[in-house]
Ligand SMILES: [Zn+2]
C-alpha cells in the first residue's frame with residue numbers, strides 16, 4: 001500500500017498537459033494530466049501498476065452527470081462476451097484487442113514458456129505481457145465509462161438483469177445452448193472474467209444513476225431470451241443463435257434485443273410505470289422489493305412466486 005500525502009497546494013500546473021506535484025521524500029515530480037484537475041481534491045497517492053507505469057491520483061468527489069429528463073426508459077441485456085444489447089435495438093460491443101496485438105500476445109506467451117524461471121529475460125517478457133493486458137484493461141475501462149454515462153444521460157429509467165440470478169442460471173446450465181453468444185465463454189476462466197466485467201459495469205451504472213436521479217431497476221429476468229416480446233410465447237425453439245423467430249406469432253428480432261425488450265417490460269411493470277408486461281399481457285410479478293441505494297428497486301424470485 002503506497003503512502004498518502006496532501007494533494008492540495010502541492011500541485012503546480014506547467015501547461016495544459018503537464019504539472020508537478022510535491023511527493024514526500026521525492027520532491028517535485030513531473031506528471032502528465034490524464035484528465036482535468038477537479039476544483040477540489042484531497043489526498044494524493046503514487047502507485048505503480050503491473051505494466052510498470054507510475055500513476056499519481058487524488059481523491060475527489062465524483063462530478064454529477066449533467067442531464068435533464070428525457071422521458072425515456074431502456075432495457076439492457078448483458079451478453080456473456082462483453083457486449084450490451086438495448087431495447088432500442090442497439091448492440092454495443094466492448095473493444096477487443098486487434099489482430100496484431102493478439103499475435104504479439106501469443107508470441108510472448110510462447111517465449112515465456114521457453115524462458116527459465118527467475119531469469120531477467122523472463123521478467124522482461126512478463127512485463128511486456130503485463131503492458132498488453134494493461135492496454136486492454138484501459139480500453140475496457142474507457143468503454144465502460146462512456147457507455148454507462150451515455151445510458152444515464154439518455155434515460156430516466158434503466159432496467160437490467162439481476163446478475164446474481166443470471167450467473168446462477170448460467171452456472172446451473174453449464175454453458176447455455178446459445179453458441180453464437182458464448183462460444184468463447186465456455187471455459188470457467190472466461191466466464192469469471194465476464195462476471196467480473198459485468199459486476200463492474202452494473203456497479204458504475206448504479207453509482208451514476210443514483211447520482212443523477214435516474215431510476216435503476218433490477219429484474220430477475222426469467223426466460224428473457226426464450227420469451228417473445230410481442231406475444232409472450234415462451235419456447236426454447238424461439239431462439240436460434242443470434243436470431244429470434246417466435247414459433248407462435250412469427251415475430252422476428254435480434255435475440256439479444258428481444259431479451260432487452262423483455263427486461264425493459266419487466267422493469268416497467270415492476271416499478272408500476274406500466275400495467276402490463278411482456279407482449280402487453282398481465283403477468284403476476286408481486287410487489288417490488290426495494291433493495292440497495294436510492295433509485296433502485298428489485299423483484300425477488302420469492303415475491304414473484306408468492307404472487
Ligand atoms: Zn410471439
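Residues that are in contact with a helix residue (DSSP H, G or I) (Cβ under 6 Å, 6 or more places away or on another chain) and either in the same structural domain as residue 264 (by TED's automatic domain parsing) or assigned to a loop (DSSP other than H, G, I, E, B) (or both) were ranked within the range 93-124; the one that is nearest to residue 147 (Cα to Cα) is 94.
For the range 207-216, does any single residue satisfy the condition of being assigned to a loop (DSSP other than H, G, I, E, B), crowded, with 19+ Cβ neighbours inside 10 Å and at pLDDT 65 or above? Walk me through it before giving the result.
Step one: list which residues in the range 207-216 are assigned to a loop (DSSP other than H, G, I, E, B), which gives 213-214.
Remaining after also requiring crowded, with 19+ Cβ neighbours inside 10 Å: 214.
Add one more test, that the residue is at pLDDT 65 or above, and what stays is 214.
Within the range 207-216, one or more residues are assigned to a loop (DSSP other than H, G, I, E, B), crowded, with 19+ Cβ neighbours inside 10 Å and at pLDDT 65 or above.
Tell me, please, whether a residue that is touching a residue at least 60 places away in the same chain (Cβ under 8 Å), in the same structural domain as residue 84 (by TED's automatic domain parsing) and either surrounded by 18 or more Cβ atoms within 10 Å (Cβ to Cβ) or within 14 Å of the ligand (Cβ to nearest atom) (or both) can be found in the range 226-238.
In the first step, residues of the range 226-238 are kept if they are touching a residue at least 60 places away in the same chain (Cβ under 8 Å); the result is none.
Checking the range 226-238: not a single residue is touching a residue at least 60 places away in the same chain (Cβ under 8 Å), in the same structural domain as residue 84 (by TED's automatic domain parsing) and either surrounded by 18 or more Cβ atoms within 10 Å (Cβ to Cβ) or within 14 Å of the ligand (Cβ to nearest atom) (or both).
Against the test of being under 24 Å from the mean Cα position of the chain (by Cα) and surrounded by fewer than 11 Cβ atoms within 10 Å (Cβ to Cβ), the options 68, 93 yield a single qualifying residue, 68.
If you go through the range 239-256 and pick out every residue that is within 14 Å of the ligand (Cβ to nearest atom) and surrounded by 21 or more Cβ atoms within 10 Å (Cβ to Cβ), you end up with 4. Scanning the range 1-47 for residues that are over 30 Å from the mean Cα position of the chain (by Cα), modelled with pLDDT of 85 or more and under 12 Å from residue 58 (Cα atoms) yields a total of 2.
Results for (1) under 30 Å from residue 229 (Cα atoms); (2) exposed (fewer than 11 other Cβ atoms within 10 Å of the Cβ); (3) assigned by TED's automatic domain parsing to the domain that holds residue 195, shown as yes or no for each residue.
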| residue | (1), (2), (3) |
| --- | --- |
| 9 | no, yes, no |
| 12 | no, no, no |
| 23 | no, no, no |
| 29 | no, no, no |
| 34 | no, yes, no |
| 38 | no, no, no |
| 51 | no, no, no |
| 77 | yes, no, yes |
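Of the strands (runs of 3 or more DSSP E) lying entirely inside the range 1-79, the ones with 3 or more residues being within 30 Å of residue 259 (Cα to Cα) are found at 73-78.
Does the range 211-223 contain any residue that is within 14 Å of the ligand (Cβ to nearest atom) and within 25 Å of the chain's Cα centre (by Cα)? Let's see the steps before the verdict.
Here is the first cut: in the range 211-223, the ones within 14 Å of the ligand (Cβ to nearest atom) are 223.
Of the ones still in play, those that are also within 25 Å of the chain's Cα centre (by Cα) are 223.
Yes, some residue in the range 211-223 is within 14 Å of the ligand (Cβ to nearest atom) and within 25 Å of the chain's Cα centre (by Cα).
Regarding the range 81-91, can at least one residue be identified that is in a loop (DSSP other than H, G, I, E, B) and at pLDDT below 85? Yes - at least one qualifying residue is present in the range 81-91.
Residue-by-condition table, conditions (1) touching a strand residue (DSSP E or B) at 6+ places or on another chain (Cβ under 7 Å); (2) in contact (Cβ under 8 Å) with a residue 24 or more places away in the chain:
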site: 23; (1), (2): yes, yes
site: 28; (1), (2): yes, no
site: 34; (1), (2): no, no
site: 42; (1), (2): yes, yes
site: 57; (1), (2): yes, no
site: 78; (1), (2): yes, yes
site: 104; (1), (2): no, yes
site: 116; (1), (2): no, no
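Summed over the range 96-141, residues that are surrounded by 11 or more Cβ atoms within 10 Å (Cβ to Cβ) and on the phi > 0 side of the Ramachandran plot total 0.
The values are calculated or read from the model by the stated rules, or taken from the named source; none is laboratory data. Bear in mind the structure is a predicted one, so any value in this text is a computation, not a measurement. All Cβ positions, glycine included, derive from the backbone under ideal geometry; neighbour counts span all protein chains shown.
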